[in-house]
Structures are given as structure tokens and as C-alpha cells.
Amino acid sequence: MNKEVRSQQGYKIIDSRTVGKMELVIGHNPKAPNPYVCWYCKGGDNYFWGYYCNELSSARKKMNERYQAESHMPYNYPSAKKQKSSNGRVR
């Protein structure tokens, strides 16, 4: 199976998690001053709010913090349809 390798600003994406419509990714660039980064990503190529660090463990910690925060946000999940009563009113 041939898996596509993604990169951004010289960082190879080495880990990702999806939460709602958002993706959290970790990138690695051994030549960068801060070789690890945790980004938010939308649409597979829109990376933003990077958290740059020196250790993979720090990037994983930030990814987990962001995942926990985003997993509780209502905008990441579609709302359930409201039920209507027999008289047509929403309950």
C-alpha cells in the first residue's frame, strides 16, 4: 500500500489525528531550530497555529491537549435533529 507522504515548510508529517472537521498533525524537520511542530490542519493543506518544540514528546503532549479541547467543542460535531411533536412543534 502506497501512503502519501505530506510535508509543510520542510517538516515531514509523521502523525495525525482527526477531530470533527479538523486535523491535528505533528511534523518533523531534523534541520530546523525546533525540529518538531504540532499544527492544526484543514482540508489537508491548510496548516496553522503551529506549536514548535525540541522534543517529540512535547509535540505529542500538545497534540493530546488540543485533541481533548477540540473533542468537547460543539462546532466539531453536527447537531442532532430536533424531534417534532404531533402538533408540529419542536420539542
Give the long-range amide H neighbours of Asp15: residues separated by 5 or more places, or on another chain, with amide H under 5 Å away, using H modelled in the peptide plane at 1.01 Å from N. Ile26
What distance in nm separates the simple spin-label points at Ser7 and Met22, each placed 7 Å from Cα in the Cβ direction? 2.8
Using the crude model of +1 on Lys and Arg Cβ and -1 on Asp and Glu Cβ, and no other charge, please compute the dipole size for the range 7-72 relative to its Cα centre, in debye to 20. 40
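Neighbouring Cβ atoms within 10 Å as the yardstick, rank Asp45, Asp15 fewest first. Intermediate results must be reported in sequence, preceding the final value.
Values: Asp45 8, Asp15 14.
The order, fewest Cβ neighbours first, is Asp45, Asp15.
FYI, it's all coordinate maths here, none of it is from the lab. None of the values given here were measured: they were computed from a predicted structure. Virtual Cβ from ideal backbone geometry, glycine too; neighbours counted across all protein chains shown.
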